Amino acid sequence: MFHREGQNIILITFFIVIVTVLVAQFYINVPWLRLLLQIIGLLLLVLILQFFRNPKRIVRKDFDEILAPVDGKVVVIEEVEETEYFKDRRRQVSIFMSPTNVHVTRYPASGIITFSKYHPGKYLVAWHPKSSTENERTTVVIRTPKFGEVLYRQIAGALARRIVNYAEEGESVQQGDDAGFIKFGSRVDLFLPLDCAVTVKLNQKVIGAKTCIASTVEKKDNEE
C-alpha cells in the first residue's frame, strides 16, 4: 500500500524506468552498459516505492498515551522553551527519519486541532539544532483530554522539499490517523507537558502509531 502523496511520482518514475529499460534493450549494443542502465532504473523504482509505502497499522487508541507520530530514531529528549505557541517550558522529544523510514505522519493523540500553521524556511540537515526553528516546517497543536495541548512540528531536512499537512483548525482527529507526509528525509518534534512521563530513550527506534512516547503521570504511578 502506498501513500496518496506518492501516486504521481510513482507513475512518472514507472514510466521513465520502462522507457529506460526498453531503450537500453533495443538501442544499446554494449551488454554491460545495457544491463547497468536497466539495473539503475529498476533500483530507482524500488527506492521510490519503498519511500512512499504506507503500511496499514491497527491503533489501540489510548487517551493516556502519546504515540510516535512517525517512524525513526529518537535524537532529542530535553526540556526547552517553546517560543512559537506555548511560550513556556515544555518537554521536547524529536524523531529523525532517514530516507529508508516510512514517512507518513500520524496524529500522536486524539483531540481537537487548535493551531495549524506552515512556515517557509531553510533546508538545514534535520538533526541540526536550529532546524526546528529555521527550516521549512509546519506546527500543529492538538487539545487532548488528558495531556492538555500537545504540539508536533514537521520539519523538512536537507533533501526534503515538500511538507504535506492535513490538520485543519477546529477539526476533530483520531490517534494514529494520517496527518500528512514529508518527502525525502525529515524530522518531527513533539512538545509535551513537563509533568508527563517520557517512555522512550535517546537513540531508540520508534514506530509511528505504535510506540508510546509519553504517558500521563497518573498512569505511570498506577503501573508502578
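The values are calculated or read from the model by the stated rules, or taken from the named source; none is laboratory data. Worth saying up front: this structure is predicted, and the values here are computed from it rather than measured. Heads up, the Cβs are rebuilt from the backbone with ideal geometry, glycines too, and the neighbour counts pull from every protein chain shown. Ligands, DNA and RNA are excluded from the accessible area calculation, which covers all protein heavy atoms including side chains. Shrake-Rupley method; radii C 1.70, N 1.55, O 1.52, S 1.80 Å.
Select, from LEU36, LEU47, the only residue that is in a helix (DSSP H, G or I), hydrophobic (A, V, I, L, M, F, W, C) and closer than 20 Å to PHE181 by Cβ.
Numbers: LEU36 fails: closer than 20 Å to PHE181 by Cβ.
Every option except LEU47 fails the conditions.
Among the strands (runs of 3 or more DSSP E) contained in the range 136-224, which hold 2 or more residues that are modelled with pLDDT of 95 or more and open to solvent by less than 10 Å² (accessible area, probe 1.4 Å)?
Counting at least 2 such residues, we get 137-144, 148-156, 186-192, 212-215.
Examine the range 122-130 for a residue that is at pLDDT 85 or above and not aromatic (Phe, Trp, Tyr), and state whether such a residue exists.
So far as the range 122-130 goes, no, none of its residues is at pLDDT 85 or above and not aromatic (Phe, Trp, Tyr).
So ASP64 clears everything in (1) touching a helix residue (DSSP H, G or I) at 6+ places or on another chain (Cβ under 7 Å); (2) modelled with pLDDT under 95; (3) charged (D, E, K, R) except one condition, right? Which one?
Among (1) touching a helix residue (DSSP H, G or I) at 6+ places or on another chain (Cβ under 7 Å); (2) modelled with pLDDT under 95; (3) charged (D, E, K, R), ASP64 violates only (2).
Specify which of the listed residues (LEU11, LEU49, LEU44) is of a type outside the set (Phe, Trp, Tyr) and loosely packed, with under 13 Cβ neighbours inside 10 Å. Give the steps one after another, and end with the answer.
Details: LEU49 fails: loosely packed, with under 13 Cβ neighbours inside 10 Å; LEU44 fails: loosely packed, with under 13 Cβ neighbours inside 10 Å.
Criteria check complete, one pass: LEU11.
Would you be able to tell me the number of residues in the range 84-114 that are in a strand (DSSP E or B) and open to solvent by less than 40 Å² (accessible area, probe 1.4 Å)?
Looking only at that region, the number is 12.
Quick check on my filter: what residues within the range 51-83 are free of Cβ contacts under 8 Å to residues at least 12 places away in the same chain, assigned to a loop (DSSP other than H, G, I, E, B) and closer than 23 Å to ARG143 by Cβ?
Scanning the range 51-83 gives a single hit, ARG60.
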